Number of protein chains: 2
Amino acid sequence: MKKFGKKYEITSLSNEKIKFINSLYQRKYRKELNYFVAEGVRICKEALDNNWNIKYLLYDITNKNNVVIENIINETLTLGADAIGVTPKILTKISHKDNPQNVLGVFEQKWKNLPQAVGINTFVALECIRDPGNLGTILRTIDGVGAKYCILLNECTDPYSYESVRASMGAIFNVNIISSNIKDFIKWKLDNNINLIGTSLKDAVDYRNAKWKTPFILAMGNEQQGLTDELLSQCDQLIKIPMKGKSDSLNLAVSTGIALYESIRKNPN
Amino acid sequence: MKKFGKKYEITSLSNEKIKFINSLYQRKYRKELNYFVAEGVRICKEALDNNWNIKYLLYDITNKNNVVIENIINETLTLGADAIGVTPKILTKISHKDNPQNVLGVFEQKWKNLPQAVGINTFVALECIRDPGNLGTILRTIDGVGAKYCILLNECTDPYSYESVRASMGAIFNVNIISSNIKDFIKWKLDNNINLIGTSLKDAVDYRNAKWKTPFILAMGNEQQGLTDELLSQCDQLIKIPMKGKSDSLNLAVSTGIALYESIRKNPN
């Protein structure tokens with residue numbers, strides 16, 4: 001049986017646990033330590049509800065008699081993790097914000113492999129994307145269409161950065177995050193005979209005329225350069241979204257959303 | 001005939017013009033002075049191409065023999081505005097970034113009134129939205145569907161903030177930005193008999209089943225609270241986007257994009 005966690009207070013920024021948590025705001029340490037920070041009651045609750053492994057919960061000791069926070073503290077302790085009360089000043093320092101959330105959870109990262117059973121799933125593959133807000137927003141949309149997989153190709157921005165976790169609004173806890181190189185990804189696509197749909201400004205069909213039959217992979221590229229030629233050459237279909245004004249493209253998260261909602265229009269059930 | 005602007009260098013951060021430009025990174029001063037800053041060659045070029053009134057162009061003096069920058073400098077001078085060469089250090093200080101653009105334009109803001117002739121236009125009304133990235137992204141999408149109007153209701157984030165201008169990718173120069181209070185807006189909608197489509201989580205129809213006939217106004221609310229009851233009560237239709245996962249909503253800019261692209265599907269031409 002798992003033993004209960006401890007509840008205590010820390011008042012010093014130089015405490016080792018506070019330093020550990022603080023370091024998780026840097027990608028280098030997230031990679032090394034395999035933990036990340038989720039801020040806010042709602043997002044922490046979503047993580048716990050989805051059985052993510054919590055290591056620490058930090059809460060604002062001045063926030064008394066808040067039932068929701070008390071419940072999260074108790075849940076944390078029941079799971080065997082420590083609930084640490086800190087001053088608002090420490091929370092502000094850690095979260096690098098003037099107006100910090102009153103709860104902050106430290107969770108273990110989850111990285112999945114390319115799944116062996118493909119089923120009739122929708123996959124979103126992101127190649128070299130740079131903006132954490134875009135990544136989190138896309139995770140939220142992936143969950144929005146009921147899909148389950150986000151494949152990060154080559155070097156993408158970190159899904160477990162604070163900005164990405166926040167932009168996902170908790171969806172990060174419902175989507176399987178996979179990191180892969182192009183070679184393994186292409187082999188997996190070919191082995192499983194999955195329809196790969198890429199976005200491109202040239203030689204592309206209107207997204208509404210594409211074949212969206214599941215399973216498929218929607219591949220979206222870097223904010224500036226789009227998909228690499230290497231990936232484009234492997235696509236079964238290239239799609240574009242019509243642009244009626246002067247702009248030549250949409251924001252990455254917006255175009256991903258438009259494409260994914262087209263796919264559920266074509267796969268109603 | 002307009003006289004040519006001057007070209008000169010400034011090397012001190014305490015120069016009055018540099019202080020003026022620096023102040024435009026704060027909303028208070030943008031409101032007072034009615035100017036704003038656009039960063040980067042591409043966005044400044046877009047502004048000039050669309051006849052926005054330039055006051056100053058700042059360029060990096062260490063960036064020699066760059067034809068694109070030389071052209072923008074000449075265009076600025078021809079328009080009677082000053083082109084000011086500064087050190088990379090000054091550009092870094094002004095733009096508050098480690099990696100600043102090598103060109104920075106100061107332009108006059110444009111605020112339009114609710115148009116008297118409605119035509120068969122698409123209008124997007126945003127109520128109390130808070131995130132400048134969302135606002136800029138929505139401006140980009142408005143231009144993407146060939147629409148021309150963005151109406152900001154009550155206190156919204158500033159479209160002329162650096163973050164919004166950047167997220168718009170220059171689309172801010174192609175969209176008419178209107179600021180209105182709810183009362184005038186409702187009167188205008190009623191006087192012109194425009195179909196007002198609001199988004200709501202309850203009592204709403206699937207967005208694909210709404211009547212999207214132009215002219216219409218798509219009204220989107222605050223990121224957390226959505227539309228106010230005051231505005232909801234005036235809507236002719238309430239729509240929602242189906243959510244198939246655990247998330248209960250999409251990012252504001254994503255849902256605006258999905259709705260706007262639905263509208264051009266229903267109004268092809």
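Estimated from helical segments only, the mean residue ellipticity of chain A at 222 nm is -10000 deg cm²/dmol, where each DSSP H run of four or more residues counts as -39500 (n - 2.57). Here region B:126-201 exposes an accessible surface that is 47 percent carbon and sulfur, computed with a 1.4 Å probe and the other protein chains kept in place.
Solvent exposure of B:H96, expressed as accessible area, is near 120 Å², computed with a probe of 1.4 Å over the protein chains only.
Accessible surface calculations at 1.4 Å, restricted to protein heavy atoms, place region B:1-140 at 52 Å² per residue.
When peptides B:14-21, B:220-227 are ranked by their average number of other Cβ atoms within 10 Å per residue, the highest-first order is B:220-227, B:14-21. For chain B, a/c is not less than 1.5, where a ≥ b ≥ c are the root eigenvalues of the C-alpha gyration tensor, and a/b tops b/c. That puts it in the prolate class. In order along region B:204-209, the phi-based Karplus estimate (6.51 cos²θ - 1.76 cosθ + 1.60, θ = phi - 60°) of 3J(HN,Hα) comes to 10, 9, 3, 4, 6, 9 Hz; Gly and Pro are listed as x. DSSP bridge analysis restricted to region A:1-103 gives an antiparallel fraction near 10%, rounded to the nearest 5.
Averaged over the residues of A:259-265, the number of partner chain Cβ atoms lying within 10 Å of the residue Cβ comes to 4. Structure remark: mean-square fluctuation, Gaussian network model of chain B, C-alpha springs under 10 Å; the largest value among B:T122, B:T141, B:T87 belongs to B:T87.
Once B binds A, the 1.4 Å probe can no longer reach about 2800 Å² of accessible area, counting both sides.
For label points placed 7 Å from Cα toward Cβ, what is the shortest-first list of nm distances from A:K31 to its copies? Inter-copy label distances (nm, one decimal, shortest first): 4.3.
In region A:122-269, Cα pairs under 8 Å separated by at least six residues give a relative contact order of 28 percent. Applying the Karplus relation 6.51 cos²θ - 1.76 cosθ + 1.60 with θ = phi - 60° to region A:31-40 yields 3J(HN,Hα) values of 5, 5, 9, 6, 10, 8, 10, 10, 9, x Hz, where x marks Gly and Pro.
Ordered by 1.4 Å accessible area with all protein chains kept, B:I142, A:I61 run largest first as A:I61, B:I142.
A:E108 exposes around 60 Å² of accessible area when a 1.4 Å probe is run over every protein chain in place. Full extension of the chain between A:E32 and A:D229 gives 67.8 nm of extra length, using 0.36 nm per residue less the Cα-Cα distance. Each Lys and Arg Cβ is given +1 and each Asp and Glu Cβ -1; about its Cα centre, chain B then shows a dipole of about 340 debye. Helices meeting the span-like rule in chain A (full DSSP H runs, Cα extent of at least 20 Å along the helix axis, mean Kyte-Doolittle score of 0.5 or higher): A:252-266. Per-residue mean of foreign Cβ neighbours for B:144-152 is 3 (Cβ atoms of other chains, 10 Å radius). Summarising the amide proton neighbourhood of A:G85: residues at separation of 5 or more, or on other chains, whose placed amide H is nearer than 5 Å comprise A:Y8, A:E9, A:I10, A:Y59.
Relative contact order for chain A: 19 percent, from Cα pairs under 8 Å spaced at least 6 residues apart, divided by residue count. Placing pseudo-labels 7 Å out from each Cα toward the beta carbon at B:N99 and B:S14 gives an inter-label distance of 3.4 nm.
Could you tell me which residue out of B:T141, B:W111, B:N193 lies farthest along the dipole of region B:87-245 toward its positive end? Charges go on the beta carbon: Lys and Arg +1, Asp and Glu -1, centred on the Cα centre. Result: B:T141.
Note on exposure: B:V68, A:V106 ranked by accessible area (1.4 Å probe, complete protein assembly) read B:V68, A:V106, with the most exposed listed first. Here region A:1-42 is scanned for amide nitrogen atoms under 18 Å from the site 7 Å beyond the Cα of A:T87 along Cα-to-Cβ, giving A:8-19, A:22. Among A:183-190, A:236-243, the peptide with the highest mean count of other Cβ atoms within 10 Å heads the list, and the full ranking is A:236-243, A:183-190. Put a plus charge on the Cβ of each Lys and Arg, a minus charge on the Cβ of each Asp and Glu, and nothing anywhere else: the dipole of region B:136-233 about its Cα centre is then about 400 debye. Take each residue of peptide B:174-181, count the partner chain Cβ atoms within 10 Å of its Cβ, and average: the result is 1. In this calculation the C-beta distance from A:K3 to A:D203 is compared with R0 = 41 Å, giving a FRET efficiency of 0.10.
The values are calculated or read from the model by the stated rules, or taken from the named source; none is laboratory data. If you're wondering where the values come from, they're calculated on a predicted model, not measured in any experiment. Note that each Cβ is placed from the backbone with ideal geometry, even for glycine, and that neighbours are counted across all protein chains shown. Heavy atoms of the whole protein, side chains included, go into the accessibility calculation; ligands, DNA and RNA do not. Shrake-Rupley method; radii C 1.70, N 1.55, O 1.52, S 1.80 Å.
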